[in-house]
Structures are given as C-alpha cells and as structure tokens.
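Input: a single structure, listed below in structure tokens.
The values are calculated or read from the model by the stated rules, or taken from the named source; none is laboratory data. Computed from a predicted model, the values in this text were never measured in an experiment. All Cβ positions, glycine included, derive from the backbone under ideal geometry; neighbour counts span all protein chains shown. Protein only, heavy atoms only, side chains kept; ligands, DNA and RNA dropped before computing areas. Shrake-Rupley method; radii C 1.70, N 1.55, O 1.52, S 1.80 Å.
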Amino acid sequence: MARHGITDIDSLSRRSVDDPNWFWDAVVRDLGIVFSEPYHTVMDTSRGIPWTEWFVGGRLNIAANCLDRHLETSRRDAVCLIAEREDGNVVRYTFQELAGEVDRCAAALRAVGLKPGDRVASYMPMIAEVVIQMLASIKIGAIFIPIFSGYAPAAVAERLRDAGVSLLFTADLSERHGRPTRIKANADAAVAEAPNVTRVVVVEGFEDDVPWNDQRDVWWNEFLSQGSDAHAEFVPSMHPALILYTSGTT
C-alpha cells in the first residue's frame, strides 16, 4: 500500500476490484516471484472471465520460486519445513536442506525419463517426502497428483488411469490414528488396474514383509541415487502444476 500511495485497506480493496490487472501485477512484483521470461499481459479475458489466461508470455517454475531463489540469501539456513509423523517423530529442513533433497528427486525423475507434462502421483502418508516429491515433480515440469492414503485400491486406480500417471510414489506402511495400513499392497492392487503406471517408488518405513515387483518397484533411497540433472524447467505461466481430485462426494 505504501509503495502505491494507498492509505487504507478499503481503498486497496476498491482498486483491486476496479483494476485487477494493476493489482495482480503489483502482487507478483511485491512477492518477488521470479520469471525466466517476463509476462507481457497480466490477464487475457478474450475468451471470457472464467477462461482467463494469466501472466501471458511469462515462464516460471514454482519450485525455483519456493526454494532456489532463497539459497543465495541468509534465508538458506532458515527452517522452511517441519514435518511430524503419526508417531510424534519430528523432522526439520532448512531451505538449503530441502532444496538438496528436491534436487536429488528431480534428477532421479529425469534419469528415468520423466519430462514436462508427464504425470506423477503420490499415494503416501503425511510425511516430509510428499513435499519433496511434489516440488521435485514441479521442478522438472511434470504434473503432480496427490492421492489420499486412506483410499481403497479402486479409488486410487481410477485416479491413476484418469490422469495418465506413469510414476507412482508410495510407502511400505501408512499409519493413521494409530492404525497401520499396508499401503504398498493397496498400491499394487491399484496399479494392477492402471497399466499406464510403469514405475513405483517406495518410501521405506517399518514394514518387513513388503510385496515387490522387481521389474517395476524401487526403494526411495535407491531411486534418489540416480541422475544428476536437477535444473528447474521454466514453463509457461498456465502450465499445469497439479491435478487435484475431490473425494468423490462433491
């Protein structure tokens, strides 16, 4: 508000409604969002308001903006992610630490042939690795699909088929409200109904006897050991980052 000579919140609200082009350009600049190529038009409403094209001509990457741009500043050593597991175990990542893990995952995704526009799904418990998987997928320009770990195989398979997922992240075990679920077995049943999935990456937890397909499955740590190219793929502003499904009741 100070930068644009606006003295009260009501005036800011009115101007944002009267001139959304000005408002969203001002927001992007204020946030310091980095574009590899600048946009020439904030809003293209030629097809109608519901089909607005945003920041036309611009190219950016969400992961680079969330992580990479902070690595050359003092924020690199600040905590940016705190993840608490069901059992109370807490892990913390600084910007620099999280960026390193994201880069390992992004390089691995590229090494197995993933490219911009490919679909990557995560059928995982609520742990830090989900954030790493999401940002790594977005970093290479892939489209990320989170799938609730409580879904039965049929619901998972439906989303895998519909989205055209080629790589699935899952875990050996998921715990919710103190009750463990052998989530890998559910993932296997879902993938059996979704032949488009050609690789399953499994985050290891506490399960000893895990069903396994040597032709398709790979442990998370082994997966992360491959690849070296973790550069951010700067994509057009309207390039999809996520596909989000409702629970099915909506």
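Within segment 7-81, which helices (runs of 4 or more DSSP H) (wholly inside it) include 2 or more residues that are closer than 26 Å to His231 by Cα and out of contact with any strand residue (DSSP E or B) (no Cβ under 8 Å at 6 or more places or on another chain)? Even if it seems obvious, please write down each step before you answer.
Details: elements: 9-18, 20-31, 62-66.
The helices (runs of 4 or more DSSP H) meeting that bar are 20-31, 62-66.
Can you find even one residue in segment 194-208 that is in contact (Cβ under 8 Å) with a residue 12 or more places away in the chain, open to solvent by 30 Å² or more (accessible area, probe 1.4 Å) and part of a helix (DSSP H, G or I)?
Kept after step one, since they are in contact (Cβ under 8 Å) with a residue 12 or more places away in the chain, are these residues of segment 194-208: 194, 196-207.
Filter once more, keeping what is open to solvent by 30 Å² or more (accessible area, probe 1.4 Å): 196, 198-199, 204-207.
Remaining after also requiring part of a helix (DSSP H, G or I): none.
Looking through segment 194-208, none of the residues is in contact (Cβ under 8 Å) with a residue 12 or more places away in the chain, open to solvent by 30 Å² or more (accessible area, probe 1.4 Å) and part of a helix (DSSP H, G or I).
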Taking the criterion of being among the small types (Gly, Ala, Ser), open to solvent by 40 Å² or more (accessible area, probe 1.4 Å) and modelled with pLDDT under 95, would at least one residue in segment 219-227 satisfy it? yes
Val156, sole failed condition from (1) under 14 Å from the mean Cα position of the chain (by Cα); (2) open to solvent by less than 10 Å² (accessible area, probe 1.4 Å): (1)
Could you tell me whether Phe55 is touching a Cys at 6+ places or on another chain (Cβ under 7 Å) and open to solvent by less than 40 Å² (accessible area, probe 1.4 Å)? no
Give Ser225, Ser237 a once-over and let me know the one that is within 30 Å of Asn65 (Cα to Cα) and in contact with a strand residue (DSSP E or B) (Cβ under 9 Å, 6 or more places away or on another chain). Ser237
Please work out which one of (1) surrounded by fewer than 14 Cβ atoms within 10 Å (Cβ to Cβ); (2) under 28 Å from Arg85 (Cβ atoms); (3) in contact with a helix residue (DSSP H, G or I) (Cβ under 8 Å, 6 or more places away or on another chain) is the condition Gly178 fails and give its number. (3)
Among the residues of segment 209-241, which ones are within 24 Å of Ser174 (Cα to Cα) and either without any contact (Cβ under 8 Å) to a residue 12 or more places away in the chain or acidic (Asp, Glu) (or both)? Asp209, Trp212, Asp214, Gln215, Asp217, Glu222
May I ask you to say which residue of Asp44, Asp18 is surrounded by fewer than 12 Cβ atoms within 10 Å (Cβ to Cβ) and not hydroxyl-bearing (Ser, Thr, Tyr)? Asp18
Name every residue in segment 107-150 that is assigned to a loop (DSSP other than H, G, I, E, B) and open to solvent by 30 Å² or more (accessible area, probe 1.4 Å), in order of residue number. Val112, Gly113, Lys115, Pro116, Asp118, Met126, Gly150
